[in-house]
Structure formats: structure tokens, C-alpha cells
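Asks: Quick one: the structure is below, questions incoming.
The values are calculated or read from the model by the stated rules, or taken from the named source; none is laboratory data. In this text the structure is predicted, and so the values were computed from the model without any measurement. So basically every Cβ, Gly included, is an ideal-geometry build from the backbone, and we count neighbours across all protein chains shown.
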There are 2 protein chains.
Amino acid sequence: MEGYKIKFEPLGLTGHCRADESLLACAQSAGIGIISLCGGKGNCQSCKVQLVEGTFSKPTAQELKAYSRQEIKEGWRLACQTCPTSDGKVGIPSTSLTTTQRVQTEGQEIAVPPEPVVLPYQLKLKTPSLTDAQADADRVLKAINHQHKLRCDNIDIGALSQLAPQLRSWKWQCRASVREKELVAFGPWPSRQLGLAVDLGTSKISGYLVDLDSGQTLAVNGMSNPQISYGEDIISRIAYATQSAAKAAQLQRLVVKALNKLASELCTEVKAKVGDIVDSVLVGNTAMHHLLVGLPVKQLAVSPFVPTVSRALDIKASRLGLKFAPGAYLHLLPNIAAFVGADHTAVLLATLNGLPKETTVAIDIGTNTEVSLIDQDGITTTSCASGPAFEGWHIKDGMRAATGAIERLRIVNNKIQYQTIDDAPAIGICGSGILDTVAQLYLAGALGEGGKMDEKNRRVRRGEKHLEFVLVGNKEKKDVPRAIVITQQDVREIQLAKAAIRTGIQALLEANGYGEEKIKRVIIAGAFGTYIDVANAMAIGMLPTLPPERFQQVGNAAGTGARLALISRAKRAAAQKIVSGIKYIELAGVPGFSKTFMQASYLGKYRLKQGKREKIG
Amino acid sequence: MEGYKIKFEPLGLTGHCRADESLLACAQSAGIGIISLCGGKGNCQSCKVQLVEGTFSKPTAQELKAYSRQEIKEGWRLACQTCPTSDGKVGIPSTSLTTTQRVQTEGQEIAVPPEPVVLPYQLKLKTPSLTDAQADADRVLKAINHQHKLRCDNIDIGALSQLAPQLRSWKWQCRASVREKELVAFGPWPSRQLGLAVDLGTSKISGYLVDLDSGQTLAVNGMSNPQISYGEDIISRIAYATQSAAKAAQLQRLVVKALNKLASELCTEVKAKVGDIVDSVLVGNTAMHHLLVGLPVKQLAVSPFVPTVSRALDIKASRLGLKFAPGAYLHLLPNIAAFVGADHTAVLLATLNGLPKETTVAIDIGTNTEVSLIDQDGITTTSCASGPAFEGWHIKDGMRAATGAIERLRIVNNKIQYQTIDDAPAIGICGSGILDTVAQLYLAGALGEGGKMDEKNRRVRRGEKHLEFVLVGNKEKKDVPRAIVITQQDVREIQLAKAAIRTGIQALLEANGYGEEKIKRVIIAGAFGTYIDVANAMAIGMLPTLPPERFQQVGNAAGTGARLALISRAKRAAAQKIVSGIKYIELAGVPGFSKTFMQASYLGKYRLKQGKREKIG
């Protein structure tokens, strides 16, 4: 077959591209979903890519319109307009990837030298005899300390319980996995040590199986958090667990079972056993963290919002019912506050390398949104109840990011262009689509600054309770089963959600005496944060108006942080150090909070200052 | 009521004694069982007591016959011949106590300063607020380290799981129980810390509830080991456990359940909860030890007889299913060899205070008998398969020490005198009675040196298979349901059992190049060892012939050793030191073993030397 090999990064997938084929078509046939709202005509500018290696066709008129000269020079192109003329490499920014193809469990690449907490040692033992009937454990400890100059003084009792037959079948030679002064697992020599990193979210659990010795991620997988049947958001989950000890224990069992399943699937993928997992790290919000390890969550939800534990925990995985190597530990990164958990610690760990010279804001958007402001002097953190609107809740046609959800929407020349997940007929609208919609309606004049819908707009109709803007009519699109609308009430929900986030950012700026312009870098982490269109988020005032290059959408940085802590002892220490230095601000206790919140609910680009709003442009 | 108060030691019970009443009658009405074979006539000399305080009647002729002038001077008297003439205190040596009244769980008194591994600290905390929403755990750790200059860095996750509501109900003041750098339990302030010491025997479990802070034993209790339904002795227990992992787990569950029950009963007795137990120590033979903590036992029973672990273990009690304070540990004293367990370590710990100047032998008689020879140079230990004959197994009319068992027997003027447990009609004969019987028959000439029964004796008859000596005929004693006999085969069984013990002692002497006369002290530990008549044991050659004062029957020294390790950190270290210095001798590997064994099976008093037997007297 004639054509070229194109490697798409950061996915690492290679596509075969015919000479007359666009990069968009090539990527699509390789199974990579690049957003294409206009259907490859070059006018929606959603299929942005960056050429890294190789030669390509010259920029088209549409591309010259989409980019500055400098950007073209840097290799920025539209995938639908560009054809390769040699083998090459192309980078796809996460904003150009469609929902379903985005590997949320990936996050940033890891680049720290592996320095795991559990280390493998080769052990050679003498065979026992009537004149040397020393106990197995004593023999092993003596040998490892002698042969490797260690000071081990303990063998996990679970590991020990399997040792007698193992040593005999391995002919008195084995791998001992050592953690501090304790032997936590044994294996044949040579054999690899696996580690598991987990991001335990309220809705989703992501797992990463890692080769501890090389630091390489071997397999990645995600699943729903099965606790979701007992409360969609953190508060309702806490309410359920607080009803009785039995209910809390039930939630614990559910998630332990899920983690065992996830671990087992990951291991199967690389032909290993869960018993090969000798170390593990988990991050999650404080409530998920507490429920997993069996701590009460009641205090999290009542003033003054006190977690039972913040500091990092090391617990025998077996004590929680996790079926890893019997001696394996679960390391839980430190929490920051009742509503800022170890997952945010992991985000900071993954995205900071010491305190930055330039003022940085890190945001993890979810039902609860955590925001940190970091500069040379330290870290200030807050959390804001942004609510579930961005997950499609309390939105009339809202839905989770699943097949058929509108995930991208633009209004071009008064026409609505949109893209659904899996290109299926539209059945609803998910978080990123809702954000796009509100922004595009505001920019098109269908919504006022205060969020009021223009009832004179030809697409606005009176619904059962509220005015509603018809995004997709079932008359215009025959394959759409029913009209999809956004209501006045939906707009209000989004205003509240985005006001909470903006207020959180503002509170941190004011606590440090900074104006918005001082922010040199905005790190947006998490699933939703990765999918959003930053320009639209700025257009509705959810994010302060800053040059686009200051924003960085980093994917599941929490999972990356967990992996870093898994493979690096230094990173665990760094996480504890990060948390110890954090100043936490309880938003409810900030003076002028409600005034700021009210101003932040307005649409449009503006600056906030001491509870006042100053329009931009 | 006229009369005197007499305190009986070491039981601590007080009896009211009428002026004309003997100490025997007084003790009996106070529920204390003193042996009285002759029925209070002063001629069986079994009711020996020692007067400690007060005034008493003058010695009778029988007493002057029973004791030397020196002994009378030291207060030694016969309880049936002595009446008090004032309030007073009387010591009852354990040899004068009947089986059922002997508190086997008592053992020696403890006299070490309490120095527990878990220490209580008072903790005063600041109440959290919106401006100080520090996590409970972090608050507690910071406070304890600051207020008490400690370096704690961990709170047990189980203890932590109960902490939030506790701290709030205790108004932010509490007792923290600290073990090394870990907080293992919390309680209101002030509150006592309980500890549990356990001697886990193949047949019996003894438990001691201790106030950790004072070192005082608060309650003592014993129960059968429920595993007994799955094998009466260690070997059959091992065989059962080796059949499958499920069966081993079943044995583990059974004993964990029993330990929980024992702990719960002990706690109820002192109005406490099992959750108040913040530390525990357990001793047992190696098989019981391994089965409890879930280690395989297969290797224990096959050459070269290798335990999985010898060194001391510290395991979270909760990990084994023990329902103590969630953070409490179970400390298991070190094992010595496959058939010399932590119970023997405990015996040595309780009876030795460093290495003695004079050569000492310590014996713990059971189905398996452990023997140690200790001198200034160190400890040599062996174990011998003495079998279950002394527990009444494989003996025609043998039974356990229970109501109706003959426990003491003497032949005086050709008449058989005996005593049964609870003075009930005789229904069988238990270990100490069997030993008495063989010795008394030998001394009366009814058994030859080789153990052969004199068929011409008028009480010897031909039984179904063997000759048998009628101890109690159902014709002479109407309340005895059937005749009780000892058969030729029974005598053989006892010969094998006692030969094993004597061979063990001999092997140790020869390994050290000593003759028997070198032994200055013989410590006999354990239930059976406490009940035996040492003179009779010497008469049949089970023990070497030595002056009686060299023998010391110490009761359940294993339990005492466990208690010592529970209340004293130094004693735990001492136990590990004892075990590290022990030279273990595998009897099967000793040259000339069978020859010595054969000679040791003879009845009578003799010395053994290089496989030869030299009669004494």
C-alpha cells in the first residue's frame, strides 16, 4: 500500500496515510477521534494539530485564516486541510480529541527516575537439615541482612503464611520484596514487582498497573464507582454512610470489591496475578478516602468541616480486603481539607516541581471544585461547591458524557454546529456541551449578561416552566428522537456553578493580594476540565480572561500524581511537604464572599475586584 | 460465731475455723480441696501445710513422725492434725491441693516492675473551629508529641475509625495508648489499660487478664481448646490441618473464636470490655502457634522438622480476627524448634533470671515433653514424644483429670488408698493416678523391674487381652460402677512415656558431659507436672534420683512467662535472648539414643551412663 506512516502523539498510535488523504481522515481510520464540527471543510477550526516531524502539504487559505504566521511556523495546522508528503509525527492537543477517544486515565507522561518504596532482592538460602533446622523466617532474614547488608526485622505474616511451600518449590532461591525493614512479598527469581496506582473518584475509578522496577505503566483501565447507586455526589454519599455503620461498611465493601476487580482486570491484561502487586497508592477526595479506609465521614459535612485524617496513611492492603500480595501496603496521599482530598494533592504533585517562580493556579473541576494558588511563597487552597450541573445534573436535557451526548457546540453564522460522542444521533448534552452552549448563546446575543434569555430569538420558545432555546429540533434533524433544548433554568444552574469556581479563584487572589493579571499559568485538571473549551469558559466569566497560552489542560493529573507517588519515594515525601505548607481557606468564612459570588454569576469577560465587576472589551 | 479467721495462701481465701476444728476441715468448708487419702487420721501425710502466722495446737505424734525437728520448726504440719488457737495464715503447697481446686492458671507469682510496651498518656486537645479545621488525627499526633515529648507518627486505622465521635463525646480530652511510635487505642481519661496473656495448649487454653499499668492480674480463666475435636494430640492436629487449606483455616477460626470468648468472659468478670484490651501476649507449642497465625504446619512434622518462624512475632490482633482494641497487637514469644514452642520459652522466662550458677533442668511434661538443661554456659534443649498416656489415653481405664478420676493412689500395708477428684465415686484413673499406681505396684512388688506383672498377686487377674491389676473392685466398693484396673499393656505405655522423658534428660546431660548428680535443681512445669508425686516419679525412673528438695513444681509457668512478657518490655527482650542462645538437640539424631531409651524403660531407681543402667539402693 502506497502512503506514509504517521505517528500520532501523545497517544503513540500509528496511522497509514494515503498521499491524497488528510491527517483527519488518516487519524479517524486509525481509530483516533479528532473533533470535526464542520465535517472537514476547514471552517470550524476544531481539528487543530501540530506537525512535529516530516513534510506536509502547504497551508490552505482556511489554515492561514485560523492561525497567525508564528503559529504556522510552529507547525500548527488543521488536520482536515493537511496531507503528509512523507512519514512523520503529529501532535494532537487534548482539546482536539473527542470525548470517547480521550484516554482520561492517561494524564501527563511520567518522567521521574523510578525509586520505589518496595525493592527487590535476590536471595540464596541453604537447604535445611537435621543439624540446621532453623526456621524459614529466621533463615530468610539472616540471609537477606547478610547478603545485602540490610537491617530487615520483620516478614509480613501473610507473606510468611505462603513461604514454606514456596521456598521449597523455588529450590531455596527467590526474590524478596523489601519495604523499609519489612519483607512484604516473595517471588521466584527473577520476577517483576507490580504496583497499582488508583484515582478513586466519586463517579469514576481509574487504575494504572505499573512495573515498579522500571517505572513503566503497563496497563490502564477505568470503571464506574459502584457507590454511585447510593448517592450521586459527595454530600449524598456522606448522608447515606452516616445513616448507620452498616451502610458505611456497605459502601466500603462495594469500593473494595471494585478495586479488586479493577486490579484483577489490569493484571490479566499483562498476564500477571493480583498477588504480584507488592505496592499501591490511592488518591481520592476526602470522603472517598475516608469511606474506603473505614473512617467516619459525618464530620466532613458539618461545620467546622474536619477530616478524621489528613496526613498520608500506610495501611496493609489486606486489612482493607484488597487481594494484592498479602504483605502489600496501600499508601494514601495526604488530604488537604474536608473538601480538598488527596486527589488534589496528587494534581499538585503531578504539575508542580517545587514552588514555581510564576504565580500558578491549579483547578480540578468537579461537583466539588478544588482550586490552589501557588507562588514562590507557598500554596493557598480552597474548595467550592460547583455542583453537578457540569455533569449534566439539574439540566433539562443534560446527560453524562456518553454516546449521543452533544459535547461540542458552536454558533457560526447564526447556524448551530455540534458534535456528539460516537457521532451518534444527539440525545442530550453533556458538561462540555452545556458550557459551549451557554457561551455561544451569550456571544450570539441570545443570552444577556445577567443570563436572561432573549424571548424574541427565533429559536426561543416557552417550555413547560421556562423559556427554552432549541438547540436541535427534531423537525430539522430526522434522526434526533426529540428536540434538545437549554432552558432559562439550565442557564441559571450553569451561572451558579461557574460563579462558584470563579469565586474560589477570586478568594485565593484576594487572600494573596493579587489581581488576575498576576496569574501566569492556569492548570486545569480532571476529566471535565480537559474537555472544556477554555475560550468559552473565559467568555462566560468562569475563568478570568488571560492569554490562551497561559492555560494548560493536563487530563487526569490526579492519576499521574498517584503513579508518581507509586514509583518514587521522593515524590511521596514531596506530597507530604506540599500539604504541610498549604494554607486552606474556607470560602464560607471569607468576607464579601456573597458579593463576589453574585458578581461572578454574570456572563461575559470581566475582572473582579473587591466585590466589583469591571467588563473587558 | 466463735472461732478464728485463717487465710490460706497462695489462694488468698479466708476460712472461719472453730476452736476445735482442724485446718483440714476449715479449708474444706472454705471450698479448698486439700488432699486427704487417710480421711484425716494423720497417717497418709498428704495434707502437708506450712504455718505462717498465728498460734496453733502442738504437734501430734503423727506430725512428729511425718516431719523432722527442723521442718516442724519451719512450721510444717499436717492440716488434719492442727487446730488454730488464734487468727492466722497458712500456706498450702501445691502438692497438697486436689486437682480440681488447683488453680492451674495461677502459676508462680509475678514480681517484676510493670514496664508495659503500651503506655497511657493524657491528652488535651483544642476544639476545632472554622479557622482551625485540622484533621483529628493530625491534631492528636501533634498534641501528644508536643505535650509528652514523643515522636509518634502513626495512629492505627482501626483506632482512628472510632476516634471522631469519641473525641467529641470525651470533650477533647482522652487517654491515648502508645506502643512504640504508634497510637493503638483511645479511652476516656482516666481509664485503665487491660492486657491479655494466653497459654494456648493443645488441650487447654488459659487466659489472664492483667491491669497493664499496675501489672496486677485481675482475672484468670481456662477453657478447652476446641480444636481437640480434630485431633487429640499435636501430630493428628497437624495431619488434619495439612489435608487442605480450608481445614487449616477452620482450625484457625475455632481457636480465634475461643480466644475471643475467653477474653470476653474475663472482661465481663471485671466489668470491662474486650475493646479495653490494648496489648496481648500468647504462648503455645509451635504447632498451636503456627495454626493460630495461619502458618503452614506440614514442615513441622517431616524431617528435618523446620518451623516457619521461630523469632517473636508482633501481629495486629485484628488481623487474626481477635476483637480486642482495634489497634492492639498480639505478641507471640519466640519458638525454639518444631516441637519446642513459645510455651517452653515462657517456662524458661518465668523460672530463670539470667543463667543460673547451678545446673538446672526444666521439664514441661505433656504429650510432647520439652526438657532444657541450663547452666552458666547456656541452654541445651530437646523434646521427646512422651505420648498421651499421662493424659489417660491408651490406658484401659484412663481418663482426663475430671470428676471421679483417681488422682492419688498409695499402697499402705498392702491396702490400696486412693483419692478421686471431687471425692466422687471412682470411674477411672487420670495421669497422676496412673503414675502413682505404677510406682506403688512396683514398690509393692506387684511389678518387676522390667514392668512384668506378678500373676500370682491376689489382685491380678487375666483380662480380655492382658493381665490386669484390680485397683478398685466393684464388689468391695458398692458405689463404684465397675472395677478399675491397670493392665500389663497400660504399664508398658507408661514405661514408654517415662522412658522418653528420662532419655531426653539423659541426652542433655551427655551432650554437656554431665552426670545426673550435677543437676542441682529440677523445675517441673505444666498441669500434669504439678500434680505428680515426685517421689513416685523417681521410684519408676522417670526422673533421676536426686534429693527431693531439688525439685520444684511450678504450676503453669508458661502462663506466668506470658504474663511477664505482657507487663514487661525487658522480659520480652529477655525471652528473645534466651531463645537466641539455645542449642537444640534433635533426639533422633543422638548416637546411642535407642540403647538409652531401652534402659530408661526399666522401673526402679537407677543412674544412666553411656547406655548403661546402674541401680541405686
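Asks: Being in contact (Cβ under 8 Å) with a residue 40 or more places away in the chain, touching a Ser or Thr at 6+ places or on another chain (Cβ under 9 Å), surrounded by fewer than 24 Cβ atoms within 10 Å (Cβ to Cβ) and not small (Gly, Ala, Ser) is true for just one of B:349, B:266, B:262. Which residue is that?
Replies: Criteria check complete, one pass: B:262.
Asks: Another question, if that's okay. I'd like to know if region B:157-167 contains one or more residues that are surrounded by fewer than 23 Cβ atoms within 10 Å (Cβ to Cβ), assigned to a loop (DSSP other than H, G, I, E, B) and of a type outside the set (Phe, Trp, Tyr).
Replies: No, every residue in region B:157-167 fails to be surrounded by fewer than 23 Cβ atoms within 10 Å (Cβ to Cβ), assigned to a loop (DSSP other than H, G, I, E, B) and of a type outside the set (Phe, Trp, Tyr).
Asks: Of all residues in region B:87-102 being part of a strand (DSSP E or B) and among the hydrophobic types (A, V, I, L, M, F, W, C), which is modelled with the lowest pLDDT?
Replies: So, considering only residues that are part of a strand (DSSP E or B) and among the hydrophobic types (A, V, I, L, M, F, W, C), the one modelled with the lowest pLDDT is B:97.
Asks: Which of the residues spanning region A:112-143 are of a type in the set (Phe, Trp, Tyr) and assigned to a loop (DSSP other than H, G, I, E, B)?
Replies: None; the set is empty.
Asks: Could we say that residue A:476 is surrounded by 19 or more Cβ atoms within 10 Å (Cβ to Cβ) and outside the structural domain of residue A:539 (by TED's automatic domain parsing) here?
Replies: no
Let's see how each residue does on (1) within 22 Å of the chain's Cα centre (by Cα); (2) buried (at least 22 other Cβ atoms within 10 Å of the Cβ):
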residue	(1), (2)
A:489	no, no
A:494	yes, yes
A:511	no, no
A:518	no, no
A:550	yes, no
A:557	yes, yes
A:567	yes, yes
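Asks: As an exercise: evaluate residue B:331 against (1) more than 8 Å from chain A (Cβ to nearest Cβ); (2) not in a strand (DSSP E or B) and give the number of the one condition it does not meet.
Replies: (2)
Asks: Hey, another quick one. Filter region A:288-311 down to residues that are in contact (Cβ under 8 Å) with a residue 24 or more places away in the chain and more than 10 Å from chain B (Cβ to nearest Cβ) and give me whichever is farthest from residue A:209 (Cα to Cα).
Replies: A:301
Asks: How many residues are away from every other protein chain (no Cβ under 11 Å) and either within 13 Å of residue B:135 (Cα to Cα) or small (Gly, Ala, Ser) (or both) when one looks only at region B:160-171?
Replies: Within region B:160-171, residues that are away from every other protein chain (no Cβ under 11 Å) and either within 13 Å of residue B:135 (Cα to Cα) or small (Gly, Ala, Ser) (or both) number 1.
Asks: Turning to a different aspect of this structure: Determine whether residue A:255 is touching a residue at least 12 places away in the same chain (Cβ under 8 Å), buried (at least 24 other Cβ atoms within 10 Å of the Cβ) and within 20 Å of the chain's Cα centre (by Cα).
Replies: No: the conditions fail for residue A:255.
Asks: What is the number of the single condition among (1) at pLDDT below 95; (2) touching a Lys or Arg at 6+ places or on another chain (Cβ under 9 Å); (3) away from chain B (no Cβ under 14 Å) that residue A:174 does not meet?
Replies: All conditions are met except number (1).
Asks: On the basis of being farther than 24 Å from residue B:500 by Cβ, free of Cβ contacts under 8 Å to residues at least 24 places away in the same chain and more than 14 Å from every other protein chain (Cβ to nearest Cβ), does residue B:614 make the cut?
Replies: Against the criterion (farther than 24 Å from residue B:500 by Cβ, free of Cβ contacts under 8 Å to residues at least 24 places away in the same chain and more than 14 Å from every other protein chain (Cβ to nearest Cβ)), residue B:614 does not qualify.
Asks: Another question, if that's okay. Could you pull out the residue among B:283, B:256, B:270 that is among the β-branched types (Val, Ile, Thr) and within 14 Å of another protein chain (Cβ to nearest Cβ)?
Replies: So the residue among B:283, B:256, B:270 that is among the β-branched types (Val, Ile, Thr) and within 14 Å of another protein chain (Cβ to nearest Cβ) is B:256.
Asks: To continue, here is another question. Scan (1) over 21 Å from residue B:420 (Cβ atoms); (2) in contact (Cβ under 8 Å) with a residue 60 or more places away in the chain; (3) in a helix (DSSP H, G or I) for the single condition residue B:26 breaks and write down its number.
Replies: Going through (1) over 21 Å from residue B:420 (Cβ atoms); (2) in contact (Cβ under 8 Å) with a residue 60 or more places away in the chain; (3) in a helix (DSSP H, G or I) one by one, residue B:26 breaks only (2).
Asks: Here's something else I'd like to know. Answer yes or no as to whether residue A:471 is touching a residue at least 60 places away in the same chain (Cβ under 8 Å) and either in a helix (DSSP H, G or I) or touching an Asp or Glu at 6+ places or on another chain (Cβ under 7 Å) (or both).
Replies: no
Asks: All but one of (1) within 14 Å of chain B (Cβ to nearest Cβ); (2) of a type in the set (Ser, Thr, Tyr); (3) exposed (fewer than 15 other Cβ atoms within 10 Å of the Cβ) hold for residue A:594; which doesn't?
Replies: So residue A:594 meets the others, but not (1).
Asks: Step by step: first the residues of region A:314-328, then only those that are more than 25 Å from residue A:240 (Cα to Cα) and part of a loop (DSSP other than H, G, I, E, B), then the one that is nearest to the other protein chains (Cβ to nearest Cβ). Which residue is that?
Replies: So the residue we want is A:326.
Here's the yes/no breakdown for (1) within 23 Å of the chain's Cα centre (by Cα); (2) in a loop (DSSP other than H, G, I, E, B):
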position: A:348; (1), (2): yes, no
position: A:353; (1), (2): yes, yes
position: A:357; (1), (2): no, yes
position: A:373; (1), (2): yes, no
position: A:402; (1), (2): yes, yes
position: A:409; (1), (2): yes, no
position: A:417; (1), (2): no, no
position: A:435; (1), (2): yes, no
position: A:451; (1), (2): no, yes
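Asks: Continuing with the same structure: What pairs come out if I take residues in region A:183-196 that are in contact (Cβ under 8 Å) with a residue 60 or more places away in the chain and under 13 Å from residue A:272 (Cβ atoms) and pair them with residues that are in a strand (DSSP E or B) and of a type in the set (D, E, K, R) whose C-beta lies under 6 Å away, six or more apart or interchain?
Replies: Every condition considered, the pairs that remain are A:187/A:175; A:191/A:175; A:192/A:211; A:195/A:279.
Asks: While we're looking at this one, here's another question. Could you run through region A:43-65 and say how many residues are surrounded by fewer than 19 Cβ atoms within 10 Å (Cβ to Cβ) and part of a loop (DSSP other than H, G, I, E, B)?
Replies: Number of matching residues: 7.
Asks: Out of region A:124-158, which residues are closer than 16 Å to residue A:184 by Cα and at the interface with chain B (Cβ under 7 Å from one of its Cβ atoms)?
Replies: A:136, A:137, A:138, A:157
Asks: Can you name every one of the helices (runs of 4 or more DSSP H) wholly within region A:506-617 that holds 1 or more residues which are of a type in the set (Lys, Arg)?
Replies: A:557-567, A:569-580, A:593-600
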